[in-house]
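Asker: Provided herewith is a single structure, encoded as structure tokens, for subsequent inquiry.
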Amino acid sequence: MDSRISIKDNKNVVIFKVEGDFDNLLCIKYKSSITEILARKKAELTIFDLSQVNFIDSSGIGLLLGRYKQVNEYKGKLIICGVNKQIKKTLAISGIALIIDTYEDIYENIKESITSYE
Amino acid sequence: MNKIEIKFNATLENEAVIRNTIGLFAATINCTIEDIIDIKTIVSEAVSNAIIHGYEQDKEKEVLVTGILNDNELIIIVKDDGVGIDNIAEAIRVNYSSKNRSGLGFTIIKSLSDDLQIKSKKDMGTKLIIKKILTIKGQ
């Protein structure tokens with residue numbers, strides 16, 4: 001499967017769906033466009049959906065941390081969802097799970113608890 | 001004992017190929033999926049360190065990765081002849097990065113492995129020797 005990131009945005013929510021390997025190559029390919037979209041939209045809620053991610057390393061974590069700081073600057077919120085057991089392990093080691101809200105469920109299942117953003 | 005050695009150009013295009021190859025090598029002793037994913041993550045961090053920090057992505061340079069399986073013990077050696085590490089203690093500190101990256105590479109390798117040795121000198125390259133004890137499925 002080709003790794004890629006697709007974007008879906010509603011009024012106040014931007015969802016980045018990551019598929020495949022969340023590694024250096026993928027980050028280099030998408031980092032500037034993600035940064036640009038967030039800077040332009042300044043959405044209240046930014047979601048990274050990792051439900052189709054097979055693999056993540058420190059470059060993927062670095063991208064998430066960087067966007068978390070960017071979103072924080074304009075007082076937005078960033079969450080990560082669709083996190084499987086192995087991805088969760090890497091997020092925990094890196095310490096990212098302590099500062100960013102992460103959910104095992106896919107976005108559609110946690111939507112109800114965060115609908116105030118839509 | 002079983003051994004595999006791969007020499008490749010220092011480009012990030014090769015990163016996924018190498019981590020998947022070493023993952024498959026470990027799978028020959030029927031270890032768990034969790035171990036294979038840990039190994040892929042370890043190799044990815046070590047190889048990107050060699051490519052990005054060691055060689056500053058100079059595609060002409062070469063990285064050597066060796067995998068050695070001894071019963072359920074896997075040794076991974078990642079060697080470059082690049083710029084080396086001036087201060088190893090500083091380099092392994094959490095969040096330290098000389099290249100504006102996350103600085104989590106060594107933290108992740110240390111957490112997922114059973115031993116990490118770093119041999120490096122400024123301008124003399126870097127050699128990482130990583131040990132991982134594998135769990136055999138059904139044992």
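Asker: Of a type outside the set (Ser, Thr, Tyr) and part of a strand (DSSP E or B), is that true of B:Ile108?
Answerer: So B:Ile108 does not fit the description; no.
Asker: Considering B:Val78, B:Val65, B:Val47, B:Val94, which residue is surrounded by fewer than 22 Cβ atoms within 10 Å (Cβ to Cβ), touching a helix residue (DSSP H, G or I) at 6+ places or on another chain (Cβ under 6 Å) and either within 14 Å of chain A (Cβ to nearest Cβ) or modelled with pLDDT of 95 or more (or both)?
Answerer: After applying the criteria, what remains is B:Val94.
Rundown of residues vs (1) part of a helix (DSSP H, G or I); (2) touching a residue at least 40 places away in the same chain (Cβ under 8 Å); (3) under 19 Å from A:Tyr107 (Cα atoms), yes/no style:
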position: A:Asp2; (1), (2), (3): no, no, no
position: A:Ile5; (1), (2), (3): no, no, yes
position: A:Lys8; (1), (2), (3): no, no, yes
position: A:Ser32; (1), (2), (3): yes, no, no
position: A:Arg40; (1), (2), (3): yes, no, no
position: A:Leu65; (1), (2), (3): yes, no, no
position: A:Gln70; (1), (2), (3): yes, no, no
position: A:Ile80; (1), (2), (3): no, no, yes
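Asker: Can you tell me which residue is farthest from the other protein chains (Cβ to nearest Cβ) among those in region B:4-20 that are polar (S, T, N, Q) and touching a residue at least 24 places away in the same chain (Cβ under 8 Å)?
Answerer: Out of the qualifying residues, it is B:Asn9.
Asker: Within region B:40-47, is there a residue that is part of a strand (DSSP E or B), under 13 Å from the mean Cα position of the chain (by Cα) and of a type in the set (S, T, N, Q)?
Answerer: No, the conditions are met nowhere in region B:40-47.
Asker: Within region B:26-36, track down each residue that is assigned to a helix (DSSP H, G or I), surrounded by fewer than 22 Cβ atoms within 10 Å (Cβ to Cβ) and in contact (Cβ under 8 Å) with a residue 12 or more places away in the chain.
Answerer: Result: B:Glu34, B:Ile36.
Asker: Same structure, new question: Identify all residues within region A:18-30 that are assigned to a strand (DSSP E or B) and surrounded by fewer than 20 Cβ atoms within 10 Å (Cβ to Cβ); write none if there are none.
Answerer: A:Glu19, A:Gly20
Asker: Assuming B:Ile39 fulfils every condition listed in (1) surrounded by 15 or more Cβ atoms within 10 Å (Cβ to Cβ); (2) away from chain A (no Cβ under 14 Å); (3) touching a residue at least 60 places away in the same chain (Cβ under 8 Å); (4) out of contact with any Asp or Glu (no Cβ under 8 Å at 6 or more places or on another chain) apart from one, which condition is it?
Answerer: The one condition B:Ile39 does not meet is (2).
The values are calculated or read from the model by the stated rules, or taken from the named source; none is laboratory data. As the structure is a computational prediction, the values presented were derived from the model and not from experiment. All Cβ positions, even for glycine, are placed from backbone atoms using ideal geometry, and neighbour counts span all protein chains on display.
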